[in-house]
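**Q** Questions regarding the structure given below will be posed in turn.
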Amino acid sequence: MGPIQILFGTESGNAEMVADDIADALEGRGLEHEVSAMENFEVDLLTSADFAIFITSTYGDGELPMTTAPFHDALVTAKPDLRSLRFAAFGLGDRTYDTYNNAVTVLASTLTELGATQVGETGRHDASGGESYSDTALGWLKQLLDDVALD
Amino acid sequence: MNRPPSGSSPTIAVVGSGPSGCYTAQFLRKLWPTSEIAVFDALPAPYGLVRYGVATDHQGAKAVTCQFDRLFERDRVRFLGNVRIGTDLDFAELVEAFDIVVLATGLMQDRPLGVRQDPRARVLGAGILLRGLNGYPDLGRSPELSAPLGSRIAIVGNGNVAIDALRLLAKDRSALAGSDVDDRVLDLLRPLPVEQIEVIGRSTASNAKFDLAMLRELGHLSNVDLAIGETAGDEENPVIGLLRDLAASRDKARGVETGEEIQVTFHFGQSPTAVTYADGRAVLETEGTDDASRIRRYEADSIITAAGFVAGDDSAPVSWSAPNVWRVGWLRRGARGTIPENRRDASQISESIGAALREGLLAPGKPGLSAVWSQIAPFVVEFDDWRRLDEHERGLALDSRCRRKVTDLDEMVGVAVGSGRPALQST
Ligand SMILES: Cc1cc2nc3c(=O)[nH]c(=O)nc-3n(C[C@H](O)[C@H](O)[C@H](O)COP(=O)(O)OP(=O)(O)OC[C@H]3O[C@@H](n4cnc5c(N)ncnc54)[C@H](O)[C@@H]3O)c2cc1C
Ligand SMILES: Cc1cc2nc3c(=O)[nH]c(=O)nc-3n(C[C@H](O)[C@H](O)[C@H](O)COP(=O)(O)O)c2cc1C
């Protein structure tokens with residue numbers, strides 16, 4: 001299997017921090033991985049990737065962050081064939097908004113429409129919930145790795 | 001000459017630990033993993049307006065500090081609190097000591113309305129109000145925050161800060177559960193529930209600067225009755241549409257009148273012309289932006305101005321400049337934009353700093369913190385010290401609050417450095 005692609009889209013940097021945490025945890029398990037900002041990632045590269053972890057926050061009124069939106073637009077426009085891609089998704093949001101964690105749902109469903117297979121539950125962090133980003137993300141990752149064979 | 005190669009690790013001082021200073025430290029750390037990076041702040045507590053501006057009931061937005069904690073805890077960036085550049089340490093010395101100096105001191109002062117104002121009228125800046133409710137050091141004792149605002153309040157402005165002020169004054173104590181509001185200041189300002197709040201903006205509703213999500217949040221407050229007042233003829237737009245929907249859904253949901261509703265009315269397209277005083281009340285006089293002959297008078301016990309921010313005594317003066325000095329964040333761009341915009345700004349500035357070194361415009365070699373350490377050592381509050389204060393504040397929280405800030409500056413420093421401060425050490 002090729003390296004696990006960790007892709008993040010962020011507005012204020014929290015999703016990047018989560019991506020770093022997830023990378024550290026994969027490192028600890030000896031799993032090969034690469035971290036990229038979605039804005040710097042060519043969507044075509046996903047056609048040859050085996051496994052990807054998508055991390056995005058939600059902004060505005062349930063919208064994709066400025067750094068996730070172009071990536072998502074590129075997916076919708078280029079329609080890469082993602083049938084060989086398995087992916088997991090983690091969202092950052094805030095439950096005080098009616099559109100809690102909308103962006104990760106939008107992104108995951110686009111990926112699924114392009115043929116990719118989502119594994120595990122979508123993880124969600126609630127910024128107003130008081131739990132740290134790392135605790136929520138690493139708890140989610142542990143569950144994911146327990147459920148899915150990634151190596 | 002034994003000059004380090006250009007682009008090799010420079011020593012870096014960042015002045016101000018608000019979002020723009022912290023993001024800059026973050027980007028520069030990625031650029032130079034081994035550079036000495038020192039972040040100074042005038043206060044013993046870090047994070048600027050994240051701690052003292054962002055509304056106390058928006059803890060989710062404050063959670064961005066997790067990222068910045070990591071800088072100081074893991075990424076070897078030094079926090080040097082309780083050091084005011086210009087007072088405790090000269091700017092010129094900083095420029096001499098560090099290869100790179102980044103000014104990120106923000107803009108603190110409420111912008112005045114800029115109209116004739118009767119001194120008897122109670123007028124309070126939203127920035128001071130929010131700082132006070134956020135437990136800004138020594139502010140709760142200021143005369144501006146020590147008397148009740150009254151039952152009728154006018155808020156001038158239509159950005160997010162105006163809505164923050166409105167929401168915090170409208171929410172009752174229990175609706176502030178989970179916040180770190182300074183209850184003492186809130187009780188002084190609002191001993192009894194407010195009855196009426198008018199929000200008066202110069203922009204028409206189409207151009208109002210607040211986010212729709214901020215309005216929607218008001219719709220969730222069960223004690224708030226929303227209404228639309230003046231519109232200057234601009235009524236077909238998302239803001240008015242949302243306000244209508246919120247007002248209508250509330251009418252439907254309302255059972256018995258409890259008599260404790262706060263009447264909140266939004267007025268758009270109203271340009272302030274004067275603040276006068278009549279019958280013991282402040283009066284905001286306006287003319288319509290579409291029709292200057294349409295004069296209105298809004299009577300209130302107090303007027304809160306949310307007209308933006310300008311440089312105060314705290315800000316870095318324009319004279320603070322040198323070839324190795326950069327500015328970032330609100331100080332550079334003006335008081336516009338949210339936390340993410342400071343991140344983008346910090347990213348750009350960090351790139352120009354990197355380019356300046358790559359192109360050999362600056363040659364690193366200055367000693368950094370060790371050159372100024374003896375001057376600040378007697379009073380500096382470092383990150384571990386702040387952590388002690390942080391823990392202490394969380395421990396002080398009563399009932400449903402997540403934190404009670406220490407608001408006396410000397411006490412903050414005392415708690416932070418503790419009584420058993422180890423002998424001063426050089427770095
Ligand atoms: C009331 C209010 C509410 C807000 N709410 C939100 C929100 O919910 N979400 C959002 O995204 N944005 C919000 N903002 C905007 C956000 O706070 C700003 O975009 C951001 O804080 C600007 O960052 P900065 O680092 O430039 O300045 P600041 O955050 O002001 O930081 C400046 C720092 O410099 C220090 N300093 C000043 N002078 C000196 C000196 N001489 N020596 C040493 N240190 C010094 C100060 O102590 C301070 O810590 C709000 C702003 C206000 C005013
Ligand atoms: C202006 C603004 C709008 C937001 N809108 C939403 C939203 O609609 N839904 C949501 O779940 N979270 C929302 N959030 C919360 C963010 O997603 C949350 O703070 C997250 O941790 C940010 O992560 P980031 O730094 O990676 O962008 C919003 C935050 C801000 C400041």
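**Q** Would you compute, from DSSP H runs of 4+ residues alone, the mean residue ellipticity of chain B at 222 nm, taking -39500 (n - 2.57) per run and dividing by the full residue count, rounded to the nearest 500?
**A** Numbers: 15 runs with 139 residues, N = 427.
For chain B, the value works out to -9500 deg cm²/dmol.
**Q** Over segment B:220-331, what relative contact order in percent results from Cα pairs under 8 Å that are six or more residues apart?
**A** The normalised contact order for segment B:220-331 reaches 21 percent.
**Q** Hey, got the average number of other protein chain Cβ atoms within 10 angstrom for residues in B:334-346?
**A** The mean count of partner-chain Cβ atoms within 10 Å per residue comes to 2.
**Q** Just counting partner chain Cβ atoms within 10 Å, what average do the residues of peptide B:57-67 show around their Cβ?
**A** 6
**Q** Okay, next question. In whole percent, and with a 1.4 Å probe on the protein chains, what portion of the accessible area of chain A is carbon and sulfur?
**A** On the way: 3040 of 6580 Å².
Using a 1.4 Å probe with all protein chains present, chain A comes out at 46 percent carbon and sulfur.
**Q** Kindly identify chain B as rounded, prolate or oblate by the Cα gyration tensor criterion: order the square roots of the eigenvalues as a ≥ b ≥ c, call it rounded if a/c is under 1.5, otherwise compare a/b with b/c, prolate if a/b is larger, else oblate.
**A** Prolate.
**Q** Run down the lysines and flag those whose C-alpha is under 26 Å from the C-alpha of A:LYS142, throwing out any fewer than 8 positions away in its chain.
**A** none
**Q** How large is the convex hull of the Cα atoms of segment A:4-147 per residue, expressed in Å³ as a whole number?
**A** Details: hull volume 13.7 nm³, N = 144.
Looking at segment A:4-147, the number lands at 95 Å³ per residue.
**Q** What is the Cα radius of gyration of segment B:111-310 over 2.2 N^0.38 Å, N being its residue count?
**A** So segment B:111-310 has a normalised radius of gyration of 0.98.
**Q** Heavy atoms only, probe 1.4 Å: what % of the accessible area of chain B goes to carbon and sulfur, would you let me know? Write down the numbers at each step before the final one.
**A** Working: 9060 of 18000 Å².
The C+S portion of the solvent-accessible surface of chain B is 50 percent.
**Q** Express the C-alpha Rg of segment B:305-427 as a ratio against the empirical globular expectation 2.2 N^0.38 Å, rounded to two decimals.
**A** 1.42
**Q** Still on this model: Under a 10 Å cutoff between Cα atoms, tell me which one of B:GLY150, B:GLY127, B:GLY229 has the largest fluctuation in the Gaussian network model of chain B.
**A** With Cα springs under 10 Å in chain B, the top fluctuation among B:GLY150, B:GLY127, B:GLY229 is at B:GLY229.
**Q** How about B:LYS405: which lysines have a C-alpha closer than 16 Å to its C-alpha, ignoring those fewer than 8 places off in the same chain?
**A** B:LYS62
**Q** In straight Cα distance, which aspartates and glutamates are under 17 Å from B:LYS171, not counting same-chain residues fewer than 8 positions off?
**A** B:ASP57, B:ASP180, B:ASP182, B:ASP183, B:ASP187, B:GLU195, B:GLU198, B:GLU217, B:ASP225, B:GLU260, B:GLU261, B:ASP399
**Q** Turning to a different aspect of this structure: Averaged per residue, what accessible surface does chain A expose to a 1.4 Å probe, in Å²?
**A** On the way: 6580 Å² over 151 residues.
On a per-residue basis, chain A sits at 44 Å².
**Q** At a probe radius of 1.4 Å, figure out the A/B buried accessible area, summed over both chains, and give it in Å² to the nearest 100.
**A** Roughly 1500 Å² of accessible surface disappears when A and B pair.
**Q** Hey, what's segment B:284-427 come to in accessible area per residue, 1.4 Å probe, Å²?
**A** Heavy-atom SASA per residue in segment B:284-427 reads 50 Å².
**Q** When the convex hull of the C-alpha atoms of the protein assembly as shown is computed, what volume per residue in Å³ does it have?
**A** About 188 Å³ per residue, rounded to a whole number.
**Q** What does the net charge come to around B:ASP211 if you take all other residues with beta carbon closer than 15 Å to its beta carbon, with K and R at +1 and D and E at -1?
**A** Net charge in that neighbourhood comes out at -4.
**Q** First check a/c for segment B:5-164, with a ≥ b ≥ c the square roots of the eigenvalues of its C-alpha gyration tensor; if it is under 1.5, answer rounded, and if not, answer prolate when a/b is larger than b/c or oblate otherwise.
**A** The shape class here is prolate.
**Q** Which order do the peptides B:42-50, B:363-371 come out in when sorted by mean C-beta neighbours inside 10 angstrom, highest first?
**A** B:42-50, B:363-371
**Q** Follow-up question, since we're still on this one. May I ask you to list the residues of segment A:66-110 whose amide nitrogen lies under 17 Å from a point 7 Å from Cα along the Cα→beta-carbon direction of A:VAL148?
**A** Residues A:82-92, A:104-110 qualify, since their backbone N sits under 17 Å from the label point.
**Q** In Å², and per residue, what accessible area does segment B:80-127 have when probed at 1.4 Å with the other protein chains present?
**A** 41
**Q** Could I ask something else about it? Looking at segment B:111-310 only, what percent of DSSP beta bridges run antiparallel? Nearest 5 please.
**A** 35
The values are calculated or read from the model by the stated rules, or taken from the named source; none is laboratory data. The shown structure was predicted, so the numbers you read here are calculated from the model rather than taken from an experiment. We place every Cβ from the backbone using ideal geometry, glycine too, and count neighbours over all the protein chains shown. Side chains are part of the model used for accessible areas, which takes the heavy atoms of the whole protein and leaves out ligands, DNA and RNA. Shrake-Rupley method; radii C 1.70, N 1.55, O 1.52, S 1.80 Å.
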